[in-house]
1. Determine, for each peptide in 345-351, 232-238, the mean count of other beta carbons within 10 angstrom over its residues, then list the peptides with the highest first.
2. In percent, how large is the relative contact order of the chain, given Cα pairs closer than 8 Å and 6 or more residues apart?
3. For residue 347 and residue 485, what is the calculated FRET efficiency with R₀ set at 25 Å and r taken between the beta-carbons, to the nearest 0.05?
4. Which order do the peptides 241-247, 322-328 come out in when sorted by mean C-beta neighbours inside 10 angstrom, highest first?
5. Could you work out the per residue convex hull volume over the alpha carbons of the range 289-359, in cubic angstrom?
6. What is the mean projected area of the alpha carbon convex hull for the range 347-495, to one decimal in square nanometres?
7. Tilt of helix 221-233 relative to the longest C-alpha principal axis of the chain, in degrees (0 to 90, nearest 10)?
8. From the backbone phi of the range 357-370, what are the Karplus-calculated ³J(HN,Hα) couplings (6.51 cos²θ - 1.76 cosθ + 1.60, θ = phi - 60°) in whole Hz, Gly and Pro given as x?
Amino acid sequence: QGEQSARVFRLAYINATLQTGLANPLDEAISAQGDPGIEDVNKIAEIPYDFVRKRLTVLVAAGDEIHMITKGALDTILAVCSRIRQSEGAAALDGDQLQEIRGRFAQWSGQGFRVLGVASRVMTEMCACSPTDEQDMIFEGFLLFFDPPKPGVAETITQLAALGVGLKIITGDNKLVAMHTAETIGLHLEGVLTGSELNRLHDDALWHTVEHTNLFAEVDPNQKERIITALQKRGHVVGYMGDGINDAPSLHSADVGISVDSAVDVAKEAADFVLLEHDLDVLRQGVLLGRTTFANTMKYVFVTTSANFGNMFSMAGASLFIPFLPLLPFQVLLTNFLTDFPAMTIAGDSVDQEMIEKPRRWNIAFIRKFMITFGLVSSTFDYLTFGLLLLVLKVSQDTFRTGWFFESVMTELLIMLVIRTQRPFFQSKPGKGLFYSTLAVALITLALPFIPGLNSMLGFTPLPWGLVLALIGITSVYILMNEAAKRYFYRRVKL
């Protein structure tokens, strides 16, 4: 067995060195095994690896002999072998030997080793080196590779599952290796599908199967792409992580392609993200950051669409019944200017846990319903303010504008604190930026009508404190009505 191992080692070294032309990964082992002696070996030709043959072959000249050396998936190597290397020489490859070879393959694969076969053949004459020449070869032995999962992978998978992110393994490795990997990382297998089984499935059947299968083994690049497309057809947002040449099509087809900095160039170019840290927990952090950003983006959209819709409806309606502009143009601009400061801090607002526990989608119909519902509530209280100012108190033009400016700014500030969460507003703590900017703008709004010189320049007039208290009362009732409308809305409409 020692003689056979040394020969396999030498063949593997020759194959890898001549294939790449670079420093060989076996170099570190040479010091222990001895120099395999390839200084007199010259590469003549190569049959590149492809996903049909699943083999790579080189033709080399070693002294006066020409050798064909092949490595690849064990079954495809055995398919071109008629003999096996033994200590006394090459012997016919019979059924018992095939059974023993496959038994070793199954044993090593079950332990997580990726197993390749190596075969050779001495050529009696120069050939064109085509796939048809890969025949009547001698099985030399095995090459075993082991790539253990990174530390912390099992914990990361558990955390991603808690966030509603499912994991599916899609690999070209054989089924036994893939199952061992799944077991090692703690992935509960719901279903296993191999490439040959996948080929027998029509697209409709595959769309159903992918929902209940989380391990796909022995698949080629085209089959990987089919799996991703099937998941997308089922309405899933698919992220694909890969680092090899055969992963490039899938990285491009997935909604989010993820690669690593040690991947081949074509994989990194096809990916949307390249991870610089060798830690899969970065994926979990990215999911949380993305969902937090999405949640805060939706808050901003909700606030601005509902407030602007309500103000537009109020301004248009008031203009039909009063003989002056409800607000002067620069007062409208001042309203937007002041309320924009708290709105800008929404990007860094704290997010409720339930908003990041599962993925959410952009939903225009939901936004439209939200805008109409809360915009109408806003307009209703605007008209109540108009009635109080014009019909009950019969105030002057400047007092009307000052009162509505006060009410408009205060309601838009406070509505941010209400509709930023699906919880009761007092049970969800806003971010510091949002809280303090809202407080500062509220104090400025309250002070502006009472600052001599500045108030007249802005077209404001000091408000009687009784009117200020009445407007604060209307604003308080407005907040309570929005809280009630929010509960009703989220019971009937789901984001």
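The values are calculated or read from the model by the stated rules, or taken from the named source; none is laboratory data. Since the structure is predicted, the reported quantities are computational estimates derived from the model, not experimental observations. Cβ atoms come from the backbone with ideal geometry, glycine included; neighbour counts cover every protein chain shown. Heavy atoms of the whole protein, side chains included, go into the accessibility calculation; ligands, DNA and RNA do not. Shrake-Rupley method; radii C 1.70, N 1.55, O 1.52, S 1.80 Å.
1. So the order, starting with the most tightly packed, is 345-351, 232-238.
2. Relative contact order of the chain: 9 percent.
3. Using R0 = 25 Å, I get an efficiency of 0.50.
4. 241-247, 322-328
5. Here the figure is 88 Å³ per residue.
6. Quarter of the Cα hull surface area: 10.1 nm².
7. 30 degrees
8. For the range 357-370, the Karplus-derived couplings read 6, 9, x, 10, 10, 5, 9, 5, 4, 5, 4, 5, 5, 5 Hz, x marking Gly and Pro.
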